[in-house]
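Got a structure for you, questions after.
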Amino acid sequence: MSDRDSICVIKGIGEKTAALYAKLGIYTVSDLINYYPRDYEEYGKAELIGTKQEGHISTFEGFVYTVPVTKSVNGKKILIANIKDETGSIQLIWFNMPYLYSKVKYGNIIIVRGKITRSAGRLMMTQPELLTREEYLMRVGKIFPVYPLTKGITNNAVRRAVENAMDAADEPKDWYTAAFRKRYELMSLGNALKKVHFPKDREEMLTARKRIVFDEFFAFSLGIRALRGDSSRRRSYYTFTKDTEYKKMLSGLKFELTGAQKRALSEITDDMRKPVAMNRLVQGDVGCGKTVVAALALMFTVENGYQGALMVPTQVLAAQHFRSLSSMFEGSGVRIELLTSKTPAAKKREIKKSLKEGETDIVIGTHALLSDNVEFKDAALVITDEQHRFGVHQREKMMFKGNDPHVLVLSATPIPRTLALILYGDLDISIIDELPSDRIPVKNAVVDESYRPKAYAFIREQIKQGRQAMIICPMVEPNEELDIENVTEYAIKLKNIYKDEISFEILHGKMKDSKKDEIMERFSKGETDLLISTTVIEVGINVPNATVMMIENSERFGLSQLHQLRGRVGRGAYQSYCIFMMGHESEKARERLEILSKSNDGFEISSKDLKLRGPGELFGIAQSGETTFGMADPYADAETLKLAAEAAMGLSKEEYSTMMKCPALNDRIVKIAGNVVL
């Protein structure tokens with residue numbers, strides 16, 4: 001069996017099952033083997049109920065001391081039982097698992113494992129695993145993988161499929177020499193893949209994980225090295241001597257630029273005057289004013305007789321930038337066009353013709369700008385907004401749209417400079433670390449489930465005042481093994497709460513891009529009151545009228561991602577609010593989230609996030625199609641990132657050439673470095 005074969009060759013996987021795996025991005029044997037666990041379950045000795053608090057995953061052995069209750073709510077069959085030991089009691093709830101009725105009976109002693117929650121003052125477990133004594137004894141002291149799932153595929157099914165694939169597939173060829181592995185203390189590739197899926201203990205899992213994480217960062221760094229090698233030789237063919245209109249636009253702004261904006265702008269214009277093509281990242285927090293800096297750089301470009309392009313990840317964001325820049329350039333004589341897949345065919349032909357002939361000065365667009373038939377007469381500046389949604393290969397393609405144009409990358413991900421130097425290794429870095437003085441800080445609240453009715457009432461009140469709101473859920477659809485919110489069921493819940501008072505839509509990463517754009521555009525225009533979304537909303541929407549964001553199961557996200565999500569509100573003239581709803585309260589989770597409650601500074605939050613996310617918290621929720629690193633985390637794995645980057649950049653020309661000829665490694669470079677999500 002080849003690792004490039006379809007997963008249908010694996011025992012137990014037919015066409016219907018393959019279609020379900022496709023939802024997870026798994027099509028080949030290699031995809032399955034490289035589909036890593038998002039977490040691990042460790043089975044220890046049974047614990048005493050009274051000694052545990054909410055937020056813990058625990059195993060209890062208890063006596064069913066009340067008659068179990070079965071009922072049906074909204075089409076769901078529910079089983080409720082209560083168990084106790086000598087120290088306390090806990091309620092157990094199962095949804096749609098009727099086969100348990102015969103196993104959970106009054107008087108039985110049962111063993112359950114799950115996450116402890118608290119509701120109405122009492123401890124609960126929802127959807128706990130029910131184990132026989134034999135099953136439990138076989139698992140004590142062992143560690144089991146837990147995979148990201150989709151409806152119709154269980155964790156056990158993935159485990160079996162991976163095991164069957166590994167038994168039948170050829171041993172993967174390692175792209176590192178034995179000496180290289182010894183130097184960096186790495187497992188062999190084949191051994192690491194086996195142990196990351198089926199470790200005998202935590203230590204073995206961490207050793208295997210180190211190899212997988214190193215590989216992902218190494219592939220990313222090789223991609224950066226390749227791009228750096230190309231870009232470092234790029235000379236600039238453009239001359240920048242005029243700045244009258246640029247200075248006029250600068251002095252005509254209705255506000256004073258911050259010191260950080262002025263510094264970034266100076267670095268950009270200095271670069272553009274040099275004989276070497278600019279390759280610069282402008283990194284700044286949400287709302288710091290990167291767009292104004294980009295607009296001024298575009299004016300500087302046009303005044304000197306050249307064209308500029310601004311590429312953004314979504315049609316909605318492109319339209320928003322088009323409106324914003326059109327207003328800023330009004331009366332200047334600068335011709336600006338918008339080019340996306342939604343642009344009518346006749347208008348597209350007109351824009352492409354005017355770009356080629358030099359009649360259009362600035363074009364704003366999405367990936368449509370990457371099309372081979374989009375040509376410029378003299379593009380001297382290419383800007384990509386939201387860098388973490390564009391891979392290095394896409395950025396490289398934009399470079400060659402002109403005659404080695406200057407490249408400016410805008411990113412709203414405030415990461416520590418040491419990490420930025422590695423992750424954006426081919427770019428010089430400008431940091432905008434000040435917010436405009438007129439920016440109204442978002443008011444934050446960290447709350448538990450008891451606050452939910454008040455939260456819904458507050459959202460209703462804000463919408464009645466003419467504002468809009470967003471609710472973020474971590475999952476697209478229900479997951480039998482995770483008791484967390486999903487957009488699919490959440491919409492049904494809100495329909496029952498708000499009836500027809502409020503209009504809302506759902507949004508998630510599994511939708512087609514055109515569908516996502518339509519939904520975001522309606523929300524942007526104020527046609528929808530409320531948006532229920534996954535983290536796909538993190539990039540690509542600017543709605544000044546949106547004043548409330550509520551993030552469900554906020555304890556499951558990293559602080560930096562929560563801050564990015566929060567950045568979708570507070571963008572207008574109204575006071576905005578962010579509600580961090582904890583699905584499973586614990587003292588540690590509340591302590592983490594209070595950092596966000598007390599600070600709106602992305603750089604400060606990013607730094608604290610890096611310190612807090614230790615080896616025990618490496619596994620967040622990864623939505624299919626929304627992440628590229630399979631297991632690596634640039635924050636929590638910062639030390640491994642530095643090590644892998646040094647290894648990749650330190651290869652001799654001969655070693656580098658040999659490495660780049662390895663097909664499997666090249667596949668990883670294309671997948672990770674070409675489409676990396678930071």
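Every number in this text was worked out from the coordinates using simple rules, so none of it is lab data. The structure presented is a predicted model; accordingly, all values stated were derived computationally and were not measured. Quick reminder, even Gly has a Cβ in these numbers, built from the backbone with ideal geometry, and neighbours come from all protein chains shown.
Obtain the nm distance between the two label points defined at Ala18 and Glu587 by a simple spin-label model: each point lies 7 Å from its Cα along the Cα-to-C-beta direction.
Between Ala18 and Glu587, the label points sit 5.3 nm apart.
A further question follows. In what order do His406, His197 fall by count of nearby beta-carbon atoms within 10 Å, going from fewest to most? If you can, show how the numbers build up before the last one.
Values: His406 28, His197 23.
With the fewest neighbours first, His406, His197 line up as His197, His406.
Got a sec? How would Asp517, Asp428, Asp3 order by Cβ neighbour count within 10 Å, fewest to most?
The order, fewest Cβ neighbours first, is Asp428, Asp3, Asp517.
Could I ask something else about it? Could you pull out the pairs from Lys342/Lys512; Lys23/Lys115; Lys71/Lys105 whose alpha carbons sit more than 22 Å apart here? If you can, show how the numbers build up before the last one.
Values: Lys342/Lys512 14 Å; Lys23/Lys115 27 Å; Lys71/Lys105 15 Å.
The answer is Lys23/Lys115.
Assign one of three labels to the stretch 197-280, namely rounded, prolate or oblate, based on the Cα gyration tensor with a ≥ b ≥ c the square roots of its eigenvalues; rounded applies when a/c is under 1.5, prolate when it is not and a/b is larger than b/c, and oblate otherwise. List each step's numbers first, then the result.
Values: a/c = 6.60, a/b = 2.25, b/c = 2.93.
Oblate shape, in that a/c is at least 1.5 and b/c is the bigger or equal ratio.
Rounded, prolate or oblate for the stretch 443-599? Axes are the square roots of the Cα gyration tensor eigenvalues, ordered a ≥ b ≥ c, and the cut-off for rounded is a/c under 1.5.
On the way: a/c = 1.36, a/b = 1.19, b/c = 1.14.
Rounded shape, in that the Cα axes give a/c under 1.5.
May I ask for the distance between the Cα centers of the stretch 268-315 and the stretch 454-471, given as a whole number of Å?
Using only Cα atoms to place each centre, the spacing works out to 37 Å.
Answer rounded, prolate or oblate for the stretch 93-156, using the Cα gyration tensor with square roots of eigenvalues a ≥ b ≥ c: rounded when a/c is under 1.5, else prolate when a/b is larger than b/c, else oblate. Can you show the working numbers first?
Working: a/c = 1.36, a/b = 1.14, b/c = 1.20.
It is rounded, given that a/c, with a ≥ b ≥ c, falls under 1.5.
Ratio to report: Rg/Rh of the stretch 133-236, with Cα atoms as the point set and Rh obtained by the Kirkwood method; give two decimals.
1.12
Which entries of Lys210/Lys588; Lys103/Lys200; Lys84/Lys510; Lys510/Lys653; Lys195/Lys642 have Cα-Cα distances beyond 32 Å here? Please list the in-between numbers first.
Numbers: Lys210/Lys588 26 Å; Lys103/Lys200 30 Å; Lys84/Lys510 42 Å; Lys510/Lys653 41 Å; Lys195/Lys642 24 Å.
Lys84/Lys510; Lys510/Lys653, as the Cα separations exceed 32 Å there.
How about the stretch 166-243: which GluC sites (Glu not before Pro) there are in a DSSP loop, with at most 13 other Cβ atoms within 10 Å of their Cβ? Please list the in-between numbers first.
On the way: sites: Glu185, Glu203, Glu204, Glu216; in loops: Glu185.
Sites meeting the loop and neighbour criteria: Glu185.
Sorted by mean Cβ packing within 10 Å, highest first, what order do the peptides 76-82, 528-534, 436-442 take? Let's see the in-between values first.
Details: 76-82: 17.1, 528-534: 23.7, 436-442: 13.0.
Per-residue Cβ counts within 10 Å, averaged per peptide and sorted highest first, yield 528-534, 76-82, 436-442.
Pop a pseudo-label 7 angstrom from the Cα along the beta-carbon direction at both Arg323 and Thr269 and give the gap in nm to one decimal.
Output for this residue pair reads 3.0 nm.
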